[in-house]
Amino acid sequence: MGGDESAQGAANRPKKPQKRRPVKLRIIGGKMRGRTVVYHGAEFTRPMKDSVRENLFNILGMRVRGSDVIDLFAGTGAVTFESLSRGASSAIAIEKSRHAVNFLKTTAETLDVTDALRIIQSDTFRIAASLLGPPAADAPLSDTGRVVFFCPPYEMWESRNEELASLIRMAIDHSPPGSVIVAETDKHQDESLLPAVDWDHRVYGGTRISVYEPEMVCGLR
């Protein structure tokens with residue numbers, strides 16, 4: 001009896017969370033094809049799967065080349081580094097976690113893209129408006145298209161939906177011509193969590209990728 005009770009007690013005890021090991025993510029295409037981005041293994045980051053990323057960049061196609069990329073929830077930086085590999089002119093990666101930022105910096109150095117990449121350790125909701133909103137009155141007009149990635153933790157689409165939707169609308173209203181907005185959600189989440197524009201929705205496994213290219217009105221957004 002004692003042995004059975006001990007075994008049952010052990011079975012009922014909460015299991016210790018398993019420590020994940022760093023995993024190497026593959027860059028799918030471009031000049032850095034086949035090179036790797038290290039995922040640190042922490043549970044607070046959900047890297048986009050290689051297969052999903054490959055399909056996403058097939059959709060984006062040549063629109064990435066020469067663009068300015070803004071990755072608002074960078075995590076491992078997989079989509080940032082994929083963009084630079086495929087010819088993006090520059091990239092900004094925002095990440096709140098210092099641990100993740102250290103990995104981003106190491107990867108950027110390993111891939112020799114530090115000159116093209118600005119890494120910001122901050123809360124996206126605090127600084128995104130300064131990047132996505134209207135430029136300063138004395139700033140030169142930019143005709144370089146952007147690719148803006150909205151790939152937050154899935155639960156944020158519900159817990160912080162109003163803020164995310166506001167940032168997406170800001171990106172739509174103020175991005176230069178030829179820009180593209182990309183949102184990643186769980187496939188089960190309601191599409192109405194995104195602002196009501198003509199999204200191109202694609203589902204890959206448990207992931208929904210939504211892509212929107214803002215229309216031009218008389219050459220202006």
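Only residues that are within 17 Å of ASN102 (Cβ to Cβ) and in contact with an Asp or Glu (Cβ under 9 Å, 6 or more places away or on another chain) were counted across segment 43-72, and they come to 2.
One residue alone among ASP138, ASP115 is in a loop (DSSP other than H, G, I, E, B) and at pLDDT 95 or above, and that residue is ASP115.
Entry remark, segment 56-75: residues being in contact with a Lys or Arg (Cβ under 8 Å, 6 or more places away or on another chain), assigned to a loop (DSSP other than H, G, I, E, B) and open to solvent by less than 30 Å² (accessible area, probe 1.4 Å) number 2 in total. Taken across segment 115-122, residues that are farther than 28 Å from SER51 by Cα and open to solvent by less than 40 Å² (accessible area, probe 1.4 Å) do occur, with at least one present.
Can you say whether GLY29 is modelled with pLDDT under 85 and over 16 Å from ALA74 (Cβ atoms), as far as the supplied structure shows? If you could, list the steps in order and put the result at the bottom.
On the way: modelled with pLDDT under 85: no; over 16 Å from ALA74 (Cβ atoms): yes.
Here the answer is no, as GLY29 does not meet what is asked.
Before we move on, is ARG169 modelled with pLDDT of 95 or more, surrounded by fewer than 21 Cβ atoms within 10 Å (Cβ to Cβ), touching a strand residue (DSSP E or B) at 6+ places or on another chain (Cβ under 8 Å) and outside any loop (DSSP other than H, G, I, E, B)? Walk me through it before giving the result.
Details: modelled with pLDDT of 95 or more: yes; surrounded by fewer than 21 Cβ atoms within 10 Å (Cβ to Cβ): yes; touching a strand residue (DSSP E or B) at 6+ places or on another chain (Cβ under 8 Å): no; outside any loop (DSSP other than H, G, I, E, B): yes.
So ARG169 fails the test.
Out of curiosity, is TYR212 touching a Ser or Thr at 6+ places or on another chain (Cβ under 9 Å) and open to solvent by less than 50 Å² (accessible area, probe 1.4 Å)? Lay out the reasoning, then the answer.
On the way: touching a Ser or Thr at 6+ places or on another chain (Cβ under 9 Å): no; open to solvent by less than 50 Å² (accessible area, probe 1.4 Å): yes.
The answer is no for TYR212.
Using the structure shown, decide if MET156 is modelled with pLDDT of 95 or more and out of contact with any strand residue (DSSP E or B) (no Cβ under 7 Å at 6 or more places or on another chain). For MET156, the condition - modelled with pLDDT of 95 or more and out of contact with any strand residue (DSSP E or B) (no Cβ under 7 Å at 6 or more places or on another chain) - is met. Look at segment 189-211: where a residue is touching a residue at least 60 places away in the same chain (Cβ under 8 Å) and more than 16 Å from ARG169 (Cβ to Cβ) and a partner is open to solvent by 40 Å² or more (accessible area, probe 1.4 Å) and part of a loop (DSSP other than H, G, I, E, B), sitting 6+ places away or on another chain with Cβ atoms under 7 Å, you get THR207/LYS187.
The values are calculated or read from the model by the stated rules, or taken from the named source; none is laboratory data. Quantities reported herein were computed from a predicted structural model and do not represent experimental measurements. Neighbour counts run over all protein chains shown; Cβ positions are idealised from the backbone, glycine included. What goes into the accessible areas is simple: the full protein's heavy atoms, side chains included, and nothing from ligands, DNA or RNA. Shrake-Rupley method; radii C 1.70, N 1.55, O 1.52, S 1.80 Å.
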